[in-house]
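Inspection log for the structure reproduced underneath, given as structure tokens.
Nothing in this text is a laboratory measurement; each read-out follows from the coordinates by a stated rule. Since we're looking at a predicted model, the values are computed, not measured. Cβ sites come from the backbone with ideal geometry, for glycine too, and all protein chains shown count toward neighbours.
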Amino acid sequence: MALKQKIVVIGGGIAGIEASSILSRMDYDVTLIEKTDNIGGHVAQWDRLFPDQRKSDEIIEYLKANIPSNIKIKLNTTVSTIAKSNTSFVVSLSDNELIETDSILISTGYDLFDAKLKEEYGYGIYDNVITSAELEKLFRENKPILTKSGKEPQRIGFVHCVGSRDRKINNIYCSKVCCVTAVKQAIEVRQKLPYSEAYCFYMDLRMYGLSFEEIYNESQEKYGVTFIRGRLSEAAENKEGQIIVKVEDTLLGRPMKMTMDLLVLMVGMTPSEGTSGLIKMLNLETNSSHFIASKDEHTQSNITSHPGIFVAGAATSPKSIDDTLADARGAVVKILEYLNSNAQ
Ligand code: SF4
């Protein structure tokens with residue numbers, strides 16, 4: 001049977017895999033473009049997921065097992081240009097291939113905020129300030145959690161909202177998953193280092209998902225994680241390489257100074273390089289969070305300002321894994337409607 005119309009999916013994270021797989025199973029001619037040498041995006045880099053510490057590899061394995069054989073996956077490939085040609089598009093790739101396609105799905109996702117831009121927290125300056133992604137990499141590689149001097153840290157601080165909800169850097173949106181990630185990581189640190197103390201410095205906790213409240217309660221009752229409400233104003237290093245944090249405790253209404261052996265910055269999501277590149281290339285409208293704007297956030301969330309070009313996942317805003325996969329399925333429906341109406 002001849003394949004139906006063509007779709008180019010740009011971005012091989014979980015949204016791109018899910019949408020490509022569904023469309024291919026329906027016999028559409030799908031090419032999935034991925035800039036790295038593997039599909040799976042950020043989820044494939046992570047160790048365990050909230051709220052139940054499930055291995056993220058299980059999600060990737062499930063999605064990969066459902067990829068039909070008729071998808072063309074192009075790894076280590078980027079999009080150079082996209083040109084409109086009547087009702088179709090011509091996509092030119094970094095390997096000089098040209099693909100004529102009826103529709104395009106953008107699933108280029110997010111990048112983690114560059115913590116160096118919040119200089120006052122000392123990332124890249126002090127050895128014992130790391131990001132949540134770096135801590136997760138230690139978990140994933142089963143490496144010990146140590147300070148730069150090779151000791152097990154006794155006091156570990158988790159700083160919420162790094163690169164999110166911050167007017168100073170014009171990122172006023174919430175990244176949605178970093179509160180629960182901080183709670184998950186604080187629990188894991190306490191499991192691995194039972195004699196340590198873990199502190200979360202938060203503005204307000206956004207724990208909205210199924211079982212999130214339970215792990216928040218468990219983190220305090222079972223693992224003794226301490227939550228301090230207040231934004232860090234500054235981190236500095238002492239002679240011993242420990243990190244002195246200054247924070248205004250907004251519940252008690254008093255400034256505090258605490259010493260941490262390790263400070264973990266919960267970095268938020270920003271539009272990925274690929275997302276920003278396509279915004280520029282296609283002159284796409286953006287929303288107040290600098291991600292790709294949907295035609296209508298409520299009713300047409302997968303439709304961009306260009307007919308025939310759709311968007312799924314965290315390319316429009318920070319999303320959890322569940323929301324990303326649901327969004328990818330929503331995008332498929334809108335692509336099918338578009339292709340069917342063009343075919344008539
Ligand atoms: S999820 Fe929590 S840590 Fe992340 S930006 Fe929102 S409030 Fe801040």
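Note the per residue figure in Å³ for the convex hull of the C-alpha positions in segment 238-324.
On the way: hull volume 15.2 nm³, N = 87.
Normalising the Cα hull of segment 238-324 by residue number yields 175 Å³.
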Relative packing of 252-264, 203-215, which averages over residues the other C-beta atoms within 10 Å, highest first | 252-264, 203-215
Over what distance in Å are the Cα centres of segment 204-262 and segment 128-162 separated?
-> 15 Å
What is the distance, in nm, between label points placed 7 Å from the Cα along the Cα-to-Cβ direction at ALA343 and at LEU210?
-> 3.3 nm
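Tally Lys and Arg at +1 and Asp and Glu at -1 over the other residues with C-beta under 11 Å from the C-beta of TYR123: what net charge comes out? Please list the in-between numbers first.
Details: positive: LYS116, LYS118; negative: ASP114, GLU119, GLU120, ASP127, GLU134.
So the surrounding residues net to -3.
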Förster-model FRET efficiency, 30 Å R0, ASN70 and HIS298, C-beta, rounded to 0.05 | 0.30
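To the nearest 20 debye, what is the magnitude of the charge dipole of the chain about its Cα centre, counting +1 on the Cβ of each Lys and Arg and -1 on the Cβ of each Asp and Glu?
Values: 39 positive and 45 negative charges, 68 e Å.
Computed charge dipole of the chain: roughly 320 debye.
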For the chain, what is the calculated [θ] at 222 nm in deg cm²/dmol (nearest 500), taking -39500 (n - 2.57) for each run of four or more DSSP H residues and dividing by its residue count?
-> -8000 deg cm²/dmol
Taking the simple approach of a point 7 Å from Cα along Cα-to-Cβ for both GLU218 and ASP52, what is their distance in nm?
-> 1.0 nm
Note, segment 271-278: 3J(HN,Hα) by Karplus (6.51, -1.76, 1.60, θ = phi - 60°), whole Hz, Gly/Pro = x, goes x, 5, 4, x, 5, 5, x, 6
Name the shape class, rounded, prolate or oblate, that the alpha-carbon gyration tensor gives for segment 169-240, where a ≥ b ≥ c are the square roots of its eigenvalues, rounded holds for a/c under 1.5, and otherwise prolate holds if a/b is larger than b/c and oblate otherwise.
-> oblate
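Using 0.36 nm times the number of residues separating ASP249 and GLU237, minus their current alpha carbon distance, what extension gain do you get? The partial results should precede the final answer.
Working: separation 12, 0.36 × 12 = 4.32 nm, distance 2.06 nm.
Once the chain is fully extended between ASP249 and GLU237, it gains 2.3 nm.
Go ahead and run the numbers for FRET between SER85 and SER305, Cβ-Cβ distance against an R0 of 25 Å, rounding to 0.05.
Taking R0 as 25 Å, the efficiency between SER85 and SER305 is 0.85.
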Percent antiparallel among DSSP beta bridges (both partners in the chain, rounded to 5) | 50 percent
Taking N as the residue count of segment 165-306, its alpha carbon Rg divided by 2.2 N^0.38 Å gives 1.30
Give me the distance between the Cα centres of segment 37-95 and segment 305-333, rounded to whole Å.
-> 13 Å
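Pulled fully out, how much extra length does the chain show between GLU97 and GLU119, if you take 0.36 nm times their separation in residues and subtract their Cα-Cα distance? Intermediate results must be reported in sequence, preceding the final value.
Values: separation 22, 0.36 × 22 = 7.92 nm, distance 4.23 nm.
Between GLU97 and GLU119, full extension yields an extra 3.7 nm.
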Highest first, please rank the peptides 83-96, 229-242, 160-173 by the mean number of other Cβ atoms sitting within 10 Å of their residues.
-> 160-173, 229-242, 83-96
Working out 0.36 nm times the residue gap between LYS192 and GLN45, then minus their Cα-Cα distance, what length gain in nm do you get to one decimal?
-> 50.9 nm
Computed ³J(HN,Hα) along segment 184-195: with the Karplus parameters 6.51/-1.76/1.60, θ = phi - 60°, integer Hz and x for glycine or proline, the list is 4, 5, 5, 5, 5, 5, 5, 5, 7, 10, x, 8
Alpha-carbon Rg with Dmax, taken over the chain, Å | 21.8, 73
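Output the pairs from LYS151/LYS192; LYS143/LYS246; LYS222/LYS319; LYS137/LYS192; LYS148/LYS246; LYS118/LYS184 with a Cα-Cα distance over 18 Å in this structure; if there are none, say none.
Values: LYS151/LYS192 14 Å; LYS143/LYS246 30 Å; LYS222/LYS319 29 Å; LYS137/LYS192 14 Å; LYS148/LYS246 21 Å; LYS118/LYS184 23 Å.
The pairs that break the limit, which is 18 Å between Cα atoms, are LYS143/LYS246; LYS222/LYS319; LYS148/LYS246; LYS118/LYS184.
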Rounded to the nearest 20 debye, dipole of segment 115-269 from Cβ charges on Lys, Arg, Asp, Glu | 240 debye
